[in-house]
1. Convex hull over the alpha-carbon atoms of the chain: what's its volume per residue in Å³?
2. Please give the charge dipole size of the range 2-138, origin at the Cα centre, charges +1 on K and R Cβ atoms and -1 on D and E Cβ atoms. Round to the nearest 20 debye.
3. Find, among the trypsin sites (Lys or Arg not before Pro) in the range 154-191, those assigned to loop by DSSP (not H, G, I, E, B) with at most 15 other beta-carbon atoms within 10 angstrom.
4. Rounded to the nearest 5, what % of the DSSP beta bridges within the range 1-110 are antiparallel ones?
5. How large is the dipole of the range 148-208 about the Cα centre if only Lys and Arg carry +1 and Asp and Glu carry -1, each at its Cβ, rounded to the nearest 20 debye?
6. Students often forget the sequence filter, so: which lysines lie under 18 Å Cα-Cα from residue 133 once same-chain residues fewer than 8 apart are removed?
7. Is the shape of the range 40-86 best called rounded, prolate or oblate, per the rule: a/c under 1.5 gives rounded, else a/b larger than b/c gives prolate, else oblate, with a ≥ b ≥ c the square roots of the Cα gyration tensor eigenvalues?
8. Rounded, prolate or oblate, given the Cα gyration tensor of the range 1-126, with a/c below 1.5 counting as rounded?
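Read-outs throughout are calculated quantities, based only on the coordinates presented, and are distinct from any laboratory measurement. All values derive from a computational prediction rather than experimental measurement. Here Cβ is always computed from backbone atoms with ideal geometry, including for glycine, and neighbour counts include all displayed protein chains.
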Amino acid sequence: MTRILLADDHPMIRTALEVLLRDTEFEIVGTAGTGEATLREIERLKPDILLLDLQMPGGNGMDVLRRTRAEKTPLRVILLTAAIDDASLLEAKSLKVQGIVLKNSDPAYLLDCLDRVRHGRSWMDPELTERAKQLAKTLSPGRVPLAPRERQLISFVRTGLRNREIAERLGVTEGTVKVYLHAVFEKLGVSNRTELAIRADEFLAVGLLRS
């Protein structure tokens, strides 16, 4: 039996998925309705697969994905979302997300995705596959896309805010800000926040991801 943690703040979605997965090879061992609760439940339950909504209070799905990857948590992640912006789509792929399923898709897609991910493969909603390929072609050589939260974080660093102040602005813990910063350092190839602040304008330039 494959153990699943379901992170979604909509009770109707959680109920529908519990019904869909009943009498299958997948067991929902826990649910969470916020990003912070999801991180706690990952640590407590040690699930095989995280079924993760992108839009949640208290740290959205991309925040959770970044945190699990930065901490090298041994977890397979499937994004389940109503919509995903271009930067998040490319970032999710760069973070090696195992699956992405749109909520308006045929339920069979989710079952297919879960089965493939359970066996160590990946799956992306057909609607997103071609879009991701086209987006990848628009990137300038050597550049990487910045997610909205990352751009916001870089802007805060540029203005000289300390980690505690950034945490208050974002509504997260100071420890979470440190994790975010470390992930941004690695992504942009900088060694510390001073270098990030100095090069902030370069990283935030519109040309980072051409439309």
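1. 116 Å³
2. 560 debye
3. For trypsin sites (Lys or Arg not before Pro) across the range 154-191 that sit outside H, G, I, E and B with at most 15 neighbouring Cβ atoms in 10 Å, the list reads 162.
4. Among the beta bridges of the range 1-110, antiparallel pairing accounts for roughly 0 percent.
5. It comes to approximately 100 debye.
6. Answer for residue 133, where 18 Å is the Cα cut-off: 93, 96, listed by chain and number.
7. Taking the square roots of the gyration eigenvalues as a ≥ b ≥ c, the range 40-86 is prolate.
8. rounded
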